[in-house]
Amino acid sequence: MVFGGDCIGKISGKTVFVPYSLPEEELEIEITRETRDYCNARIVKIITPSPHRTEPFCPHYGICGGCTLQHADPEYQTELRKSVLKDAFLREGLDVPEIKVIAGNPREYRSRFQFHDGGLMRRMSNEIIPIDFCPCASKEINAYLSETPFEKRPAGRIHVFGSEKLISHKGIAVAREMRESGSQMEEISGKKHAKKIRPRFEGTVPVAENQCTVEISGKKITFDAQGFFQSNMEVLEKSVALITGGLEGNHVLDMYSGCGTFSVFLADRFNHVTMVEHNKGAVVFAEQNLAGKSHESYGLSGETWVKYHAEKCIASHGKFDAVVIDPPRSGMEKSVCQWLTKSGIPKIRSVSCDPATLARDIRFLLRGGYKISDLYLLDFYPQTCHIESLACLEKTESQ
């Protein structure tokens with residue numbers, strides 16, 4: 001299995017990508033697309049199934065664009081995601097420590113959905129699938145689906161967040177996308193405005209009805225329902241404790257901090273928190289979430305902060321005792337990675353949503369005198385091929 005969830009085989013030396021397959025299965029396939037370097041295929045017949053193959057439990061499986069691994073038992077799914085993470089490190093020539101797993105319920109876990117005209121998008125299509133129940137959705141999301149008839153759901157694209165951890169909106173928030181018109185925010189109600197959708201977190205004035213507040217391990221965290229927030233509250237609670245646990249000191253850096261989810265907890269362990277986040281709208285929420293705590297935030301890219309502000313922060317508040325870094329899928333900016341290798345920061349906790357860019361950045365940091373103390377699969381998205389991970393690094397004594 002490779003990143004993305006397909007398995008690969010070879011025909012006459014050419015790589016063939018086969019979705020919904022499992023390692024070591026013997027299949028009859030049909031080539032659906034052929035290029036000079038590879039082919040895509042579909043399964044016609046399973047000749048020899050994997051012992052881990054199971055019957056998907058959702059009637060929409062393979063139709064909607066969500067789950068991609070329901071045809072494997074949950075334990076084996078986790079092993080497959082671990083193997084993809086391991087392979088990413090091996091491709092970078094890195095020794096891979098034991099991969100530990102942080103996991104939760106494989107069903108009823110997903111608290112965040114995007115619905116289009118009341119339904120879900122068909123896989124590889126713009127067709128809308130009406131849906132009244134999703135076995136991977138939280139109970140609150142499913143209550144919304146069952147209580148709101150398809151024809152009465154809002155048109156256009158909406159963001160729905162529902163969880164027992166959501167202490168605002170009575171457990172379910174339905175946020176319609178907005179666009180700017182002069183100084184006003186206007187609701188988008190149809191597809192004709194699809195190209196004018198306001199980028200999430202654009203600007204610095206939050207839309208009040210889209211603000212959600214969750215309670216995680218006793219801390220209240222507010223964010224914009226249109227923006228990114230983790231979907232699996234059970235694994236998030238476990239992961240936050242892991243990512244921030246064992247860190248303490250005077251000064252900590254939260255790079256790519258988002259709305260300050262990690263900083264809320266780091267502020268109890270450090271005298272001062274510095275947050276860097278290029279999305280200025282997210283910084284507004286971070287400021288709200290860190291109110292009353294010693295901190296400062298920068299609505300800048302990591303590259304700009306490193307170039308113009310890093311040394312000033314150190315001069316004002318002392319050297320960093322630790323850094324938590326959670327970059328976008330593209331990974332750390334090159335200048336951020338270079339700065340970290342020279343910074344001498346004793347501990348780095350690197351969170352990632354892409355194993356390939358994580359392995360690339362870790363290789364760079366190892367060359368700069370760090371070592372991996374622990375590597376984790378943060379299993380946020382059961383039934384899918386999506387991989388979140390955490391690498392804990394420490395500066396070697398010789399550096």
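The values are calculated or read from the model by the stated rules, or taken from the named source; none is laboratory data. All of these numbers come straight from a predicted model, not from anything done at the bench. FYI the Cβ positions are ideal-geometry reconstructions off the backbone, even for glycines, and counts take in every protein chain you see. When the accessible area is computed, the model is the full protein with side chains, heavy atoms only, and any ligands, DNA or RNA have been set aside. Shrake-Rupley method; radii C 1.70, N 1.55, O 1.52, S 1.80 Å.
A few remarks follow.
- Converting phi to 3J(HN,Hα) with the Karplus coefficients 6.51, -1.76 and 1.60 and the offset θ = phi - 60°, the range 329-335 yields 4, 6, x, 5, 5, 4, 5 Hz in sequence order, with x at every glycine or proline.
- Spread of Cα-to-Cα distances over 10 Å intervals beginning at zero, given as percent, for the chain: 4, 20, 29, 27, 16, 4, 0
- In nm, spacing of pseudo-spin labels at ILE47 and ASP95 (7 Å Cα→C-beta vector): 4.2 nm
- Note that the range 232-288 presents 30 Å² accessible area per residue, ligands and nucleic acids not counted, probe 1.4 Å.
- Equivalent ellipsoid dimensions for the range 1-59 as semi-axes, Å, which come from the Cα gyration tensor, largest first: 21, 12, 11
- For the range 28-177, the Kirkwood hydrodynamic radius comes to 18.4 Å, computed from all pairs of different C-alpha atoms.
- Relative contact order of the chain, defined on C-alpha pairs under 8 angstrom at six or more residues apart (%): 14 percent
- Counting only protein heavy atoms and using a 1.4 Å probe, the accessible area of ILE314 comes to about 40 Å².
- For the range 32-156, relative contact order (Cα pairs under 8 Å, six or more residues apart, normalised by length) works out to 20 percent.
- More than 23 angstrom apart: percent of Cα pairs within the range 244-359: 20 percent
- Per-selection metrics, the range 297-399 (Cα): Rg and Dmax in Å: 14.2, 47
- Contact order normalised by residue count of the range 116-159, Cα under 8 Å, 6+ apart, percent: 50 percent
- Each label point was placed 7 Å from the Cα along the Cα-to-Cβ direction; for ASP374 and THR54 their separation is 2.7 nm.
- Inter-part distance where the range 272-325 and the range 368-399 are each reduced to a Cα centre, Å: 22 Å
- Whichever aspartates and glutamates have a C-alpha closer than 14 Å to that of LYS14, once near sequence neighbours (fewer than 8 apart) are set aside: GLU34, ASP37
- Taken about its Cα centre, the range 25-172 carries a charge dipole of roughly 540 debye when the Cβ of each Lys and Arg holds +1 and the Cβ of each Asp and Glu holds -1.
- In terms of accessible area, using a 1.4 Å probe and ignoring ligands and nucleic acids, PHE115, PHE150 rank largest first as PHE150, PHE115.
- Ligands, DNA and RNA excluded, the heavy atoms of ILE47 present near 90 Å² of accessible surface to a 1.4 Å solvent probe.
- Each principal axis of the Cα cloud of the range 215-280 was taken in turn, and the coordinate range along them, longest first, works out to 34, 27, 16 Å.
- Using Cβ point charges alone (K and R +1, D and E -1), the dipole size of the chain about the Cα centre works out to roughly 820 debye.
- Kirkwood Rh (inverse of mean 1/r, distinct Cα pairs), the range 21-88, angstrom: 13.7 Å
- Magnitude of the charge dipole, the range 294-399, Cβ model with Lys/Arg +1 and Asp/Glu -1, debye to 20: 400 debye
- Within-12-Å neighbourhood charge of MET233 [Cβ basis; K, R +1; D, E -1]: -1
- Estimated FRET transfer efficiency (LYS293, ALA155; beta-carbon r; R0 45 Å; 0.05): 0.65
- A simple spin-label model places pseudo-atoms 7 Å from Cα toward Cβ; at LYS312 and GLU215 they are separated by 3.9 nm.
- Counting only heavy atoms of the protein chains and using a 1.4 Å probe, SER21 has close to 0 Å² of accessible surface.
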